[in-house]
Each structure stands twice: as C-alpha cells, then as structure tokens.
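Asks: This is the structure I want to talk about, given as structure tokens.
The values are calculated or read from the model by the stated rules, or taken from the named source; none is laboratory data. It should be emphasised that the depicted structure is a prediction, and the values quoted were computed from it without experimental measurement. Cβ: placed from backbone, ideal geometry, glycine included. Neighbour counts: every protein chain shown. Heavy atoms of the whole protein, side chains included, go into the accessibility calculation; ligands, DNA and RNA do not. Shrake-Rupley method; radii C 1.70, N 1.55, O 1.52, S 1.80 Å.
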Amino acid sequence: MKNLKLKSARAALDMSQQDLAEAVGVSRQTINAIEKGDYNPTIRLCRAICRALGKTLNDLFWEEEDYEENEK
C-alpha cells in the first residue's frame, strides 16, 4: 500500500526523497520504495523518518483500515 502520508509530510517540508534519505541515513531508492509501498521499513527507520519530518508513528505509518477491521 502506498504511503501517501509520508510523501505528503515530506512535500510539506519541501524535502526531496534525497533530502529525507540523507537525513535518516538510507538511499533515495529506499525512501521511494517506502512511499510506493514496495518496502516495509524497520521500526528504527520509521522512527528516524518521523523525527526528520516532525511527525509521530501514528501520523505516518498507522493504516486506518487495519484499525477499523480489528474493531469489528
């Protein structure tokens, strides 16, 4: 599943994928893969991304439909 919340938060700070990648110590391709939903990052990387973007894990990585399915 695409991570549009991550892409939106990055864009709001006028950061390129390369800028974010450098801030968290990964390649631009890794950020691209996360945004496209092709790569599931470790919790450590998720936390680094959140710190770099000033967001919480819930802001960027919580999937609403998963929560709603579990509530049924």
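Asks: Does residue 28 fit the bill of being open to solvent by 70 Å² or more (accessible area, probe 1.4 Å), of a type outside the set (Val, Ile, Thr) and over 20 Å from residue 63 (Cβ atoms)?
Replies: On the way: open to solvent by 70 Å² or more (accessible area, probe 1.4 Å): yes; of a type outside the set (Val, Ile, Thr): yes; over 20 Å from residue 63 (Cβ atoms): yes.
Yes: the conditions hold for residue 28.
Asks: Do we find that residue 10 is surrounded by fewer than 17 Cβ atoms within 10 Å (Cβ to Cβ) and out of contact with any Pro (no Cβ under 7 Å at 6 or more places or on another chain) in this structure?
Replies: Numbers: surrounded by fewer than 17 Cβ atoms within 10 Å (Cβ to Cβ): no; out of contact with any Pro (no Cβ under 7 Å at 6 or more places or on another chain): yes.
It is false that residue 10 is surrounded by fewer than 17 Cβ atoms within 10 Å (Cβ to Cβ) and out of contact with any Pro (no Cβ under 7 Å at 6 or more places or on another chain).
Asks: With 58, 40, 32 as the choices, which residue is more than 9 Å from the chain's Cα centre (by Cα), in a loop (DSSP other than H, G, I, E, B) and free of Cβ contacts under 8 Å to residues at least 40 places away in the same chain? Walk me through it before giving the result.
Replies: Values: 58 fails: in a loop (DSSP other than H, G, I, E, B); 32 fails: in a loop (DSSP other than H, G, I, E, B).
Within the list 58, 40, 32, the selection yields 40.
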